1. Can you tell me which residue is farthest from Ile72 (Cα to Cα) among those in segment 94-145 that are at pLDDT below 85, in contact with a helix residue (DSSP H, G or I) (Cβ under 9 Å, 6 or more places away or on another chain) and in a loop (DSSP other than H, G, I, E, B)?
2. If you check Ala69 against the conditions, is it loosely packed, with under 12 Cβ neighbours inside 10 Å, under 19 Å from Lys122 (Cβ atoms), under 33 Å from the mean Cα position of the chain (by Cα) and modelled with pLDDT under 90?
3. Looking at segment 75-93, which of its residues are loosely packed, with under 10 Cβ neighbours inside 10 Å and at pLDDT below 90?
Amino acid sequence: MPQFTIQGVEPAIEAAPSTNTSNGSSTLIEEETYLDRQLERQIRMETLVSLKEGNKTRAQNNVERKKYAGWIFVLTCIWAFLIFVLIFCVGLSFMTISDSIIVTLISSTTINFFGFFFLVVKYLFNTGNGGASNGTPQEMSSGTITG
């Protein structure tokens, strides 16, 4: 077996039969183009899958937000009704409660209504601006949920 050295390789390459380089480079370019297209297609598919998962998460979050908003609304209405009954009973002298307690109850009810309104506006009608969270799994696992 002949041993090849660096000096012996160059003459061997030059002595080799020539091939049509334009056809070879054309095939190489076609192959690279094909691989680029396959890579772009794979990236698009992964992006599409990611977007679909994000849509599912947001849809589920919206359902949960609406459910909890409904419960908060019911609880707020019950609280307001009880405060109204209490003030009505105090007004008709069925009960005696100090003025400071009445003021505290009225103030807390007012704050409760504004708080509920704030929750509804912030979470149900979230536009995604201002760093508000959409509640994606990545945000939940990384602890970056704001609000």
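1. Out of the qualifying residues, it is Thr144.
2. no
3. Of everything in segment 75-93, just one residue is loosely packed, with under 10 Cβ neighbours inside 10 Å and at pLDDT below 90, namely Ser93.
The values are calculated or read from the model by the stated rules, or taken from the named source; none is laboratory data. All values derive from a computational prediction rather than experimental measurement. Please note: Cβ atoms are built from the backbone with ideal geometry, for glycine as well, and neighbour counts cover all protein chains shown.
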